[in-house]
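Worksheet: the structure to be examined is printed underneath.
The values are calculated or read from the model by the stated rules, or taken from the named source; none is laboratory data. What you see is a predicted model, and the numbers here were worked out from it, not measured in a lab. Glycine gets a Cβ as well: all are built from the backbone with ideal geometry, and neighbour counts include every protein chain shown. When the accessible area is computed, the model is the full protein with side chains, heavy atoms only, and any ligands, DNA or RNA have been set aside. Shrake-Rupley method; radii C 1.70, N 1.55, O 1.52, S 1.80 Å.
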Amino acid sequence: MKKIPDTILDAVRLDAIIKLKNSDLKTKEQQNKVISAAKDIMKLADLARKEGLLALEDMAKTLPSDFLRQLILLVVDGNFPDTIAEIGTNTYWTKAPDGADAMVDYMYLRGMLGIQNGDNPRVLESILISLMPTELHLEYRAQMEVLHDEEAVEKLFTIHPTFQEPGIWEPIHNLEEIVDSMHNRCIQRVLRELDNRDLAICIYVLQQETRKKILANLSTGLAHAIMEDVAMCASVSEKDVAASVAKILDTINALLNSGEIVY
């Protein structure tokens, strides 16, 4: 396999580091962007190691970043690293991302090149961590410790949340009834339209049997990745739950109206 073309990435790496240093990392939103980017790359690296590069294509369909999806497809299609680096850097300079977004895009590019190259996941993680300021490094480590605590993940996954607002349960129960009545093929079609966060939040609030039915329609690697996201939903707000459930119900209704699914 060809060596990753580091020289092509040097200018992008420097630009991303400078923009991250000059950004306002005091806001939780900006911090989470960088941390989530590193976590996404590590999920992809774990999936590629267990199931091969081709397995990444299914996960790409659920990711919110167009840039990351593009990089995944370039890798899955078997392009050479220098070609991917050239396309990735061209896209980076054309997009001209700012602040934390610049570092997120660089992490995606460097991470996918590392995954294609077969880098040891620990080495790849160390590279990503080295790009973070100390406070983000520590927060990333703390979140990853929770994810790697299998007992904690299992406990969180089996607990059914309680909310104070009674009105929030009606759309949740409505979603459960719809999913329970759908054929697997239709569920798979819906899942292709959803991003990981909305799916994780909804799985967290659904009953266990409905959760199992959804996970059974995902690849093993993607189901594992979603379960890790579910483990981080213990403190999710009722507002976020309502928004995610509404998005999924709207997606289902749109597919029903177009005749792509039935139930």
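Looking only at residues that are aliphatic (A, V, I, L, M) and at pLDDT below 90 in segment 55-72, which one is farthest from residue 229 (Cα to Cα)?
Taking the candidates together, the pick is 55.
For segment 20-35, name all the residues that are part of a helix (DSSP H, G or I), open to solvent by 50 Å² or more (accessible area, probe 1.4 Å) and touching a residue at least 12 places away in the same chain (Cβ under 8 Å).
21, 33
Suppose we filter 185, 189, 211 for residues that are assigned to a helix (DSSP H, G or I), open to solvent by 50 Å² or more (accessible area, probe 1.4 Å) and of a type outside the set (Ser, Thr, Tyr); which single one remains?
Of the residues listed, the single one that is assigned to a helix (DSSP H, G or I), open to solvent by 50 Å² or more (accessible area, probe 1.4 Å) and of a type outside the set (Ser, Thr, Tyr) is 185.
Scanning segment 82-121 for residues that are free of Cβ contacts under 8 Å to residues at least 60 places away in the same chain and among the basic types (Lys, Arg) yields one hit, 95. The residues in segment 107-140 that are among the charged types (D, E, K, R) and either surrounded by 12 or more Cβ atoms within 10 Å (Cβ to Cβ) or within 22 Å of residue 10 (Cβ to Cβ) (or both) can be counted, and the count is 4. Could you tell me whether any residue of segment 214-232 is over 23 Å from residue 44 (Cβ atoms) and surrounded by 14 or more Cβ atoms within 10 Å (Cβ to Cβ)? Within segment 214-232, none of the residues are over 23 Å from residue 44 (Cβ atoms) and surrounded by 14 or more Cβ atoms within 10 Å (Cβ to Cβ).
Among the residues of segment 70-99, those that are open to solvent by 60 Å² or more (accessible area, probe 1.4 Å), within 24 Å of residue 23 (Cβ to Cβ) and part of a helix (DSSP H, G or I) comprise 70, 90, 93, 94, 95.
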